[in-house]
Structures are given as structure tokens and as C-alpha cells.
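One structure is given below, encoded as C-alpha cells.
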Amino acid sequence: MAGFPIFVDVSKVAPLIVGGGEVAAIKARLLLMRADQVVFATDQPCKSVTALVDEGRASIIGGRVGIDEIKGRPLVISALCDKVGDARVFEIARELGVPVNVPDQPEFCTFSLAAIVDRDPVTIAIGTEGAAPVLATRLRAMLEQQLHPRLGRMAEFAGKFRSLVAKALPSGAVRRSFWEFVFGGDIGRDILSGDEKSARAKFEKALNEQEKNYAGDGDALPAMGRVSLVGAGPGDPELLTLKAIRALKSADIILTDFLVGEGVFKHARREARIINVGKAPGRHTKTQAEINALILSFAREGLNVVRLKGGDPFVFGRGGEEVEMLRASGVSCEVVPGITAATAAAASLQIPLTHREFAKSVTFVSGHAAENGKPDFSHIDFSALARQRTTLVAYMAVATAGELAFELIRAGWSPAMPVMAVERASQSTERRVQSTLDVLSSDAARLQLKGPALLICGEVAGLASAGEVEIVAADVPLERVDFGDGTNA
Ligand code: SAH
């Protein structure tokens, strides 16, 4: 069966359940999540069925059903648990065009029952077309856990004000962004926490303000859209934050960097426009000024703009410049942090970036090369870092790994200091190479690194314990680790 999910109204005419045993009672309870009443066709009601009748939720008609009993029902479940009897009910219902289901007999079903997550009036139905009921149950458990128990109140609240909002605000982006504001902000939080009085007051005030903004102009867009600077994490979509997903879902425009993993975009609305403004090999790259101008012009069109960046927007992401520009232009902006490549790589290898014994601090540096192809490390005191026993994580250092290692050794870092290079951390193609500063400084090409990758330098880099690690060792064994301050480990 290729099942298309729909919701059937069971509130006006009671659904019919043929049979009076335990299975019939279980199915009845399910239907009674939405139906006021069910009708059992049975001559032998079991205790559970009689109990439902006593509760006033069910009535009983005779066991032998025909066209008259089935016609006009929103649906029929035949739970006689007798193949011949159930097949007969199935045939009559099918002839009449009434949806029919015989539990556990797919060949006698014109519809199947979904696993349900119930936040009345919000209903989530999960189906696997019978292929994996246990998977459906797992999904239901996951959703049960994630969805706030008062989610239904949110829908009820919105339902009450729907026509009022429709009158006050033009349809399209304006109305949608108002509802986003309601569900995603303070008002939504108040509803979920049970303070509907406060939610209502805030809602009325916000609607009033919005209405004044757009009065008289049905096509008007908000004077200024919203911009979210969102960290997309290191590539694995499961490392997105819930806030990032929420921002993606409400975006009209997504301006993305090249490093953002493909899987991340499945959270965007189908209508959202995705523009890649990142650096890709052999492609014209937009300058930061061009990117800034784009963000601003979309925001001024009243659109919800998500500026999506790999990792965290504020770690070597130029997020600071974008925030400054938006502030100067009077555009409100939200920043959603992301998991930066360093912590993703460390987690994947199961090496701690700080360690009570081996690493009292962690330092992120950029190995980005200037126009002349050389990295500029003049602002970093590598010898002070050696004394601090820091873990040094170098971003953008594939091309300059040799120079970095050379500078570190020159500043007193032990040539035998372990280095872990991690390419595409958190992605299915992740690659890890363990080596030493000495190898890097004398022949970095031996590691055959390809970006995006980062280098973790420090004793913790020797602690990798998870997954496969390639090892590129020195030709001649080196001394034990020396911290440059005369102490050895
Ligand atoms: N804002 C990003 C960093 C952008 S700079 C963050 O917080 O992660 C780009 C550099 O990040 C790359 O050159 C590489 O050094 C590093 N990087 C980004 N994603 C990575 C990944 N999945 N694996 C390893 N390094 C990565």
C-alpha cells in the first residue's frame, strides 16, 4: 500500500469497530483519542468493551453487520480475528468506499493506523507502511521526549487569534514572520510555561505594533527583516543546535559558506533561497564587503536572512565584522553559536583539548597565509605558549603547516611533540593523521593533508584513542617530549 497521510474527521459520525474482543477495545481506545464515540458491532463484548460503554464512550449494535451498518462511517476497523468474517467486512466496506482496516492483515486494509504523538490539537502521525513498526515506536518515543507537553496549547492559542491576525496583517512574509516571532520568542515560552495571561498581553501588544507598521498597505513587507548569524557546526548535521535548526526553518534566504555540510540544508524550508557566498576552488569569491551588502539588502527587503557559517561564526568566521556592520546599519541580529572544528575533531578522536596534567589551556590560532603565501605568526608568543603547556589548535594551516611547526620548534616546543591533523572532522570522510612537529617542519607534504583540516599540537594529541589514525613518524626516533622550559614529560 502506498499510504498518503491524511487526518479523518471522526467527530461527527462514530467510527465502527466490528468485534468485541480485546483487540477491538485497544483500537477503540486509540480512536477515542479524537472520536467522542465509537460503535462496536458484537454479540460478545469483553469486559474492556463493556467498560467503554459504561463510560459513555461507546455503544453496541448486533454482531452481524451489512451495508446499512457500514455505509456513511468515517472508517471501519474489523477486529473479529476471524479471517472469513473480517474479509467479508473488508469487501463490503471497500465496495462502499468506506476506509477499512483489519489489524495485522495488510491485504484487508485500505488504510493503516499510524503511531501517534498526541499534543491535541497537534497530532503527529508516524507510518512505515508496516515495514518497521518498532522504528515507528522509537521515533514516537524520541518525539515524545522532544516536544513540550504543552505544545498543543500553543496551537490552540494561535487558533484563537488566527482570524484576528489575518485581518491585521497582510499574508505572506509579514504574517509568517509575525507567527515565527510568536512561536519562537517570549510569547511561545510563556504559553509553554503555562503563563497564558502574560502571553496574551504580549501578543496583543505585538500585534498592535505590527498592525500600525503595515496599516493600509496590503503588500508591505516589514521595514526590516531579521538576520541570524548561525553556526552550522563542522559538517555532521546532528551537530547542529536546536536554535540553528529553528533559524534555518524560518529563513527566507540562506547565505552560506562553502564549508557548510550539505545535510544541514534539509532543515531549510523548500521555498528558501540558498546562496553560496563562500570560497570554493576556482570560483569567483565574494569579498566580505559584497557579502555584507547582500545581507543588508535582503534584510532591507524585509526577509528573514540566515548567514550560515561552518563551525562557530565567531571562531575565524568573520562573524564579528558582520555583526558590527549590522549594528551600524540598525538591523537587529541574533547570533547562534555552533560547534567549532576544534571541539568536533577532539570529540571524534576522543582527545581532550584541556587536561589536568598535560594541557592547562587551549589556544586557537590561524595559519592563514597572507598575499605573499606566508603565515603571519608575529603576534603569537609561541615560547610563552610552550611554557604554559597549552594545546595549540591551528585552523587554516594545511598550506602553512611546515612553517608553523618550524616556528614552534624555534620557540622551544619539543620536536617530538605530537601533532594530530584532522581532515573533515565529524564527516563520513574524516581522516586523521598523527605525527610530530619535527616531521611537519621538515616535510609536511608527507602527511598529504587536504583542507578543510586542522592541526592539534600538544601532548593531548598523543592520547587519541578512537577510530583509525594514520601515523607518519620521524625517520629517526626523537627524544621524549620537552616543554622548552627544561622539563620533560
Ligand atoms: N568558523 C569555523 C572555522 C572557519 S575557518 C569553525 O568554527 O570551525 C576555516 C578552517 O576551519 C578550515 O581551514 C579548517 O582549518 C577548519 N575547519 C572547518 N571545518 C572543519 C572540519 N570539518 N574539519 C577540520 N577542520 C575544519
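Within the set 12/266; 205/309; 205/249, which residue pairs have Cα atoms separated by over 27 Å?
In this structure, 12/266; 205/309 exceed 27 Å between Cα atoms.
Within the stretch 121-177, which GluC sites (Glu not before Pro) sit in a loop by DSSP and count at most 11 neighbouring Cβ atoms inside 10 Å?
When the GluC sites (Glu not before Pro) of the stretch 121-177 are filtered for loop state and at most 11 Cβ neighbours within 10 Å, 129 remain.
Can you figure out the FRET efficiency of residue 47 with residue 82, using R₀ = 22 Å and their beta-carbon distance, to the nearest 0.05?
With R0 = 22 Å, the Cβ-Cβ based efficiency is 0.65.
May I ask you to derive the relative contact order of the chain, considering only C-alpha pairs under 8 Å and at least 6 residues apart, and to give it as an integer percent?
Once normalised by length, the contact order is 9 percent.
So, counting K/R as plus one and D/E as minus one, what does the shell of residues with Cβ under 14 Å around residue 32 add up to?
-1
State the percentage of accessible surface on the chain attributable to carbon and sulfur atoms; use a 1.4 Å probe and exclude ligands, DNA and RNA.
Reported share for carbon and sulfur atoms: 54 percent.
What's the local net charge at residue 58, with K and R +1, D and E -1, over the other residues with C-beta under 12 Å away?
Result for the neighbourhood of residue 58: 0.
Using a probe radius of 1.4 Å on heavy atoms only, what accessible surface per residue do you get for the chain? Whole Å² is fine.
Averaged over the residues of the chain, the accessible area is 52 Å².
Assuming a viscosity of 0.692 mPa s and a temperature of 37 °C, what translational diffusion coefficient in µm² per second does Stokes-Einstein assign to the stretch 343-471, Rh being the Kirkwood radius over Cα pairs?
229 µm²/s
For the pair residue 129 and residue 55, what calculated FRET efficiency results from E = 1/(1 + (r/R0)^6), where r is the Cβ-Cβ distance and R0 = 30 Å, to the nearest 0.05?
Working from the Cβ atoms, E equals 0.35.
Counting only DSSP beta bridges with both residues in the chain, what percent are antiparallel, rounded to the nearest 5?
If we restrict to bridges inside the chain, about 40 percent are antiparallel.
Let me make sure I get this right: for the stretch 36-122, a, b and c are the square roots of the gyration tensor eigenvalues over alpha carbons, sorted descending. Under 1.5 in a/c it's rounded, otherwise prolate if a/b > b/c, else oblate. Which is it?
oblate
At 0.36 nm per residue, minus the direct Cα-Cα distance, what do residue 374 and residue 465 gain on full extension? Give it in nm, one decimal, please.
Using 0.36 nm per residue and subtracting the Cα-Cα distance, I get 29.4 nm.
If I model a spin label as a point 7 Å beyond the Cα along the Cα-Cβ vector, how far apart are those points for residue 301 and residue 112 in nm?
4.2 nm
The values are calculated or read from the model by the stated rules, or taken from the named source; none is laboratory data. A quick note: this is a predicted structure, and the numbers were derived from the prediction, not measured. Glycine also receives a Cβ, built like all others from the backbone with ideal geometry; neighbour counts cover every protein chain displayed. Keep in mind that these areas ignore ligands, DNA and RNA; they rest on the heavy atoms of the full protein, side chains included. Shrake-Rupley method; radii C 1.70, N 1.55, O 1.52, S 1.80 Å.
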